[in-house]
Amino acid sequence: MRFFQTLKNIWSIEELRKRILFTLLLIAIYRLGSFIVLPGADVEALQATMAAQGNTNDLLGLINLFTGGAFNNASIMALGIMPYITASIIVQLLGFAVPYFQRLQSKEGESGRKKLNQITRALTVAITLVQGAGYLAFIKSNGGMSSQVDPFIFWISGIIILSTGTIFAMWLGERITDRGIGNGVSLLITVGIIVGLPSAFAFELTSKSDALLLLVVEMAAFFFVTLVTVMVVTGVRKIPIQFAKRMVGRGKGAAPSATARDYIPLKVNASGVMPIIFAQALMMLPVSLAGFGGSVEAQSSWFVQQFNDFTSPLYNVVYFFLVVIFTYVYTALVVNPGQYTEYLRRQNAFIPGIRGGTETEEYIDSITSRITLPGSIILGLIAILPAIVARFGVNQAFAIFFGGTSLIIMVGVVLDTLQQIESYLLMRKYDGLVKEGKIEGRNSGSRMQQIGADF
């Protein structure tokens, strides 16, 4: 009953109701675009060729997962929102290395953020043009271009349409963020991932004679993995801080106020899903290089075959260690102890028992290193979990939801969206979505801002 009462409370808040309906409308428009085929593309021939090749474990399969099948359908939304994500990652990395981008990120406030948004959008267009040309070459090489279409017209119109589709998807994401509920870009990716879940679930249910019993076991395992992922995404190590006492009143009757208390929230997984994305891209290099070389011997070698099979032991051992390494590297870029130290100095605050300046910076750095170790190991295990469950007989389409990029993105986006809904309920004096405590999203914390953003 409490669940239905919560739904009733959500629907009774007019602003929240309009935001949810607006979000669902834009998501429906985005999904509709994934079924509109590029002019001149032969979808049946393309899918027949890809089915014959059987290459589901590659970077193209990952892109198809994020676009909700639009990539394999030769849709006008085939590239989806991925060029925008790529541009955002590049701009974020430039902010760690280039002084100009550092100033825009940290010192120029709202005007700096607007400039970064403009740079990201321009870079998105450039990336889309390059990726669009590559995608059209992929369609042509796999027999997906109709023989009745002039190749030059197919290339020109295809690049323009693909670029327009990506820009439109980017616009939809920004409108959802501004006028809807949740982070628009992340929601579009999540919807693309989730659309494959019902068919994978149905296939798993009907593919085995004792499917019902196995499905109960699989769902229990999936629930446990999701629970662990939620803990990793939301887990923080709170470092208590105190603000210096201030005098209340004037003259002889002035008295010191109570010392204000707060904390620095250091995330167990400050790098989000980025280490898995970087590791996946790197794991595709051996297969890609062998393919570019054109040598049949190289493509059929034991080493390349191991990296072309995501369930192979060698693949998963290397993948696990790459995720751990990239977690440390990306955390070192995102979490800057010097910025925390500077914040404490400006706020006239301190960590109890730790001197300011260098000692505070070293203390925060040591805490970050210690909590990153278990976080990176758990993240690495989550990354290789789809391969482990596939070894136990779960079909690959369903196994990918047991971990990896898809599960972490879904968990993070759902938590962020629920957190926004809960804030509307609490503002209207309604009960929250949980009986005790509150829902923590990826960017939850104290009054101190999180440094760095999740994917």
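Values in this text are rule-based calculations from the coordinates and carry no lab data. Not measured: the values here are computed from a predicted model. All Cβ positions, even for glycine, are placed from backbone atoms using ideal geometry, and neighbour counts span all protein chains on display.
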**Request:** Just grab the label-to-label distance for Phe243 and Glu44, each label 7 Å out from Cα along the Cβ direction, in nm (one decimal).
**Result:** 6.9 nm
**For peptides 262-270, 6-14, 78-86, 415-423, sequence by mean Cβ density within 10 Å, most packed first** = 78-86, 262-270, 415-423, 6-14
**Request:** Answer with one residue from Gly143, Ser75, Val91: the one whose Cα lies farthest towards the positive end of the charge dipole of segment 65-183, charges on Cβ with Lys, Arg +1 and Asp, Glu -1.
**Result:** Val91
**Asked** In 10 Å bins starting at 0, how do the alpha-carbon pair distances of segment 1-53 split up by percent?
**Response** 19, 25, 21, 14, 19, 2
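What order do you get for 150-159, 389-398 when each peptide is scored by the mean count of other beta carbon atoms within 10 Å, highest first?
Packing proxy ranking, top to bottom: 389-398, 150-159.
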**Request:** Express the C-alpha Rg of segment 337-384 as a ratio against the empirical globular expectation 2.2 N^0.38 Å, rounded to two decimals.
**Result:** 1.48
**Message:** Along its three principal axes, how long is segment 103-240 when you only count alpha carbons? Whole Å, largest extent first please.
**Reply:** 60, 54, 26
**Complete:** Two pseudo-spin positions, 7 Å from Cα along C-beta at Ala220 and at Leu24, lie apart in nanometres by 3.5 nm
**Request:** Order these peptides, 327-337, 112-122, by their mean beta-carbon neighbour count within 10 angstrom, highest first.
**Result:** 327-337, 112-122
**Item:** Debye intensity ratio I(q)/I(0), log10, segment 365-409, q values 0.15, 0.16 Å⁻¹ (C-alpha model)
**Value:** -0.44, -0.48
**Item:** If the convex hull is drawn through the Cα atoms of segment 19-195, its volume per residue in Å³
**Value:** 119 Å³
**Asked** For segment 33-49, what does the Karplus curve 6.51 cos²θ - 1.76 cosθ + 1.60, with θ = phi - 60°, yield as ³J(HN,Hα) per residue in whole Hz, taken in order and with x for Gly and Pro?
**Response** x, 6, 9, 8, 7, 4, x, x, 8, 9, 5, 4, 5, 5, 5, 5, 5
**Fill in**
Here, Arg175 and Leu373, labelled 7 Å along Cα→Cβ, have an inter-label distance in nm of 5.0 nm
**Prompt:** Does segment 338-438 come out rounded, prolate or oblate, given a ≥ b ≥ c as the square roots of the eigenvalues of its C-alpha gyration tensor, rounded meaning a/c under 1.5 and, failing that, prolate meaning a/b above b/c?
**Reply:** oblate
